[in-house]
Ligand code: TYD
């Protein structure tokens, strides 16, 4: 499922189960549009916390709540925004670069797995919303 305006997609990785439990597989350039160069995960964030609050000039992301729940709000700075509830270990959201994102409403057991297309470079993060608006609107 793809949101045309924001170029955000919901990805369903499926799951294979047997008597030993479940496995979900996420292969670079197959199940997600890039080969991850970086993996990190966010956990022990309380319900009232808002994380993210940034845009990336280069990095694309896939976010998966491998445990628990959270929400992610994505804004393109041109009036389009969308909120997704992440609440399944076999569903991810693909978030392209140059959109503003905020993660919030974390359940106590939330483990939010983040796959990134680029290595960490703090200089490609835009952490000021007005600067983001200027960057996307060419001001
Ligand atoms: P931050 O970007 O604020 O996290 P979030 O997007 O969840 O709000 O990062 C928190 C800290 O971790 C900050 O000091 C930068 C550091 N960090 C890295 O060193 N490498 C990384 O890949 C990431 C995502 C963060």
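Any read-out appearing in this document is the output of simple, stated calculations on the displayed coordinates, not a laboratory observation. Predicted, not measured: the structure shown is a model, and the values here were computed from it. Neighbour counts run over all protein chains shown; Cβ positions are idealised from the backbone, glycine included.
Suppose we look only past 18 Å in the calculated P(r) of the chain. What percent of the Cα-Cα pairs does that tail hold? Counting every Cα pair in the chain, those more than 18 Å apart make up 55 percent. With the simple spin-label model, which puts each label point 7 Å out from Cα in the Cβ direction, the residue 53 to residue 85 separation comes to 2.5 nm.
Entry note: region 82-139 has Rg to Rh equal to 1.00, where both radii use alpha-carbon atoms and Rh is the Kirkwood radius. The ranking of 57, 20, 2 from fewest to most other beta carbons within 10 Å of each one's beta carbon is 20, 2, 57.
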